[in-house]
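The structure under discussion is supplied below as structure tokens; questions concerning it will follow.
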Amino acid sequence: MNRKLNLLFAVSLSLAGVAAAQDSTMAPTAAQFNALNDSYMKTKAVVDKMSRISAGGYIQAQYQLADSLGAKAPVDGGAFGAQTDSRFLVRRARMNVKYNGVDTKLVLEVDVSGNTLTWEDAYAQFTEPFWHSISLTVGNQNQPYGFEIQQSSSAMEWVERSRLEQNIFHGEKDLGAVIGINPTKDMGVASYLNLSAGLFNGAEGGQVAVPNTTANPNSAVNPTGVAVNNKLNFIGRLGVKAPMPDMGFEVDGGVSAYIGYAQDAAGTHLKTISEADGDSMVATTGDSLKYYTRDAFGGDLQVTYKIPVIGNMQLRGEYTAGVAPTTASGTTPYGNSVLPLVTRNFEGWYAAWIQNFTDMFQTVVRYDEYDPNTDVSGTSITKAKGFTTNDIKYDDWGLGLNYIYNPNLKFLAWVTIPTNETTGLAGYTDSYSGTVYTFRMQVKI
């Protein structure tokens with residue numbers, strides 16, 4: 001754009017010179033020349049400012065088919081209706097605006113796929129001007145934990161994140177402040193390291209419990225992600241990235257930690273304990289507004305190898321374990337809940353093989369496992385002992401074929417095969433297979 005303006009300015013001066021040669025009475029005065037130059041500089045300033053603003057977004061529209069009516073526990077887009085085994089969905093419809101200033105960045109992104117308008121990203125970022133390696137990001141943003149949470153939904157090779165991530169890090173976003181350290185290539189060995197760490201409200205995805213009512217005993221949900229107690233949660237990841245271009249390899253990995261709290265407003269706390277006749281979910285009366293630990297620790301690894309002629313192959317995996325305080329009716333961590341608080345030890349992991357064939361085709365094989373309560377398993381999970389479906393362990397196999405038509409258009413065909421552990425709960429005395437097929441078209445600008 002600047003080159004075009006410079007060319008226009010030069011042509012204007014040339015025409016003025018030609019006119020002056022034909023008629024000396026039309027030669028531009030110094031005042032006219034200065035006015036023309038001022039006009040050019042103002043136009044250039046406007047163009048420079050507009051060039052720093054960009055808009056984008058994407059829509060993921062899909063059709064899904066389940067192998068049975070009312071599939072119980074799919075991870076791909078939520079449960080089906082009781083009399084439904086097929087559906088169309090707009091899974092995500094995101095719009096964003098970005099401003100890249102001098103050492104500053106502003107990002108706003110909203111989602112319009114549901115029946116309400118929700119904001120995903122809303123943050124400001126400052127990068128120091130000396131090494132351009134240290135940044136401060138404040139606002140609603142990705143939680144800096146692991147790999148899967150921080151990967152854009154539009155770049156994922158599968159249709160949904162792992163079952164653990166959907167339960168423990170529901171929504172991926174939170175309000176907080178993060179310090180990022182990303183050394184540049186000219187810093188030697190230090191350039192292989194990166195660090196993101198910050199403090200957050202601990203109410204990711206807008207999952208904030210507020211006082212319940214008679215009409216709605218499960219309470220409402222506040223979509224703003226505002227703080228729910230007087231403690232902030234720490235989230236951080238230390239990463240290592242080692243490119244080996246001569247060998248066609250790239251290794252990327254890291255260790256992550258989530259150290260936080262949940263507050264019990266009900267004065268009742270439940271946990272799994274060992275008894276003579278087996279494990280039980282037992283309620284203990286505690287102090288109102290008591291804090292309970294909410295922790296998660298894990299590691300992630302991505303190994304990429306460029307196979308000659310065929311394309312890139314990547315092996316990817318993550319593991320996380322910790323303690324999750326939730327309500328009895330769910331496995332999503334809550335803070336300041338007016339319902340009895342349940343603390344469970346959990347763990348989960350996934351492993352995936354991603355194989356590219358040229359730049360257009362991609363096959364994926366993925367396995368993930370999530371155990372929301374590692375202290376009890378199998379037929380010990382019974383209603384009489386106080387356990388629910390939220391204590392059941394699941395395994396999920398996923399197979400996919402992706403077709404990248406161009407950078408803006410992608411098609412995904414994906415199947416997820418979930419299997420639960422056999423328990424003593426009605427409806428789960430056998431392994432349940434709620435296979436779901438997803439066919440998605442994604443358009444991105």
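The values are calculated or read from the model by the stated rules, or taken from the named source; none is laboratory data. Note that this is a predicted model, so its numbers are computed, not measured. Positions of Cβ are generated from backbone atoms using ideal geometry, with glycine treated the same way; all protein chains shown enter the neighbour counts. Note: areas computed on protein heavy atoms with side chains; ligands, DNA, RNA excluded. Shrake-Rupley method; radii C 1.70, N 1.55, O 1.52, S 1.80 Å.
Need the C-alpha centroid separation for region 352-425 versus region 294-321, integer Å.
Computed from Cα coordinates, the inter-centre distance equals 16 Å.
May I ask you to order 169-181, 34-46 by the average number of other C-beta atoms within 10 Å around their residues, highest value first? Mind showing how you got there, number by number?
Details: 169-181: 20.4, 34-46: 12.2.
Per-residue mean Cβ counts within 10 Å order the peptides as 169-181, 34-46.
With a 10 Å radius around each residue's Cβ, average the other Cβ atoms per peptide and rank 53-63, 152-162, highest first.
Values: 53-63: 15.7, 152-162: 18.5.
Those peptides, ordered most packed to least, come out 152-162, 53-63.
Can you give the accessible area per residue of region 71-123, in Å², using a 1.4 Å probe? Display every interim value, and only then the final one.
On the way: 2930 Å² over 53 residues.
With the other protein chains kept in place, region 71-123 gives 55 Å² per residue.
So, R0 is 25 Å and r is the distance between the beta-carbons of ILE273 and THR379; what FRET efficiency does that work out to, to 0.05? Can you show the working numbers first?
Details: r = 18 Å, r/R0 = 0.72.
About 0.90, to the nearest 0.05.
Moving on. Within a Cβ distance under 12 Å of LEU401, other residues only, what is the Lys/Arg minus Asp/Glu net charge?
Numbers: positive: LYS410, ARG440; negative: GLU157.
Neighbour charge sum, excluding LEU401 itself: +1.
A further question follows. Report the equivalent ellipsoid semi-axes for region 98-206 in whole Å, largest first, defined as the square roots of five times the eigenvalues of the gyration tensor built from alpha carbon atoms. Spell out each step's value before the answer.
Working: eigenvalues 137, 60, 34 Å².
Gyration-tensor ellipsoid for region 98-206: 26, 17, 13 Å.
With label points built 7 Å along Cα→Cβ from the Cα atoms of ASN115 and VAL102, find their separation and express it in nm.
5.0 nm
A follow-up question, please. Between SER68 and VAL189, what is the label-to-label distance in nm when each label sits 7 Å out along the Cα-to-Cβ direction?
Calculated label separation equals 5.6 nm.
A follow-up question, please. Please state, as a whole number in µm²/s, the translational diffusion coefficient that the Stokes-Einstein equation yields for region 342-432 at 10 °C and 1.306 mPa s, with Rh defined as the Kirkwood radius across alpha carbon pairs. Working shown, then result.
Values: Rh = 15.3 Å.
Rounded to a whole number, D works out at 104 µm²/s.
Would any residue of region 81-112 have its amide N under 19 Å from a label point 7 Å out along Cα→Cβ of ILE53? List them or say none.
Output list for this probe position: 95-110.
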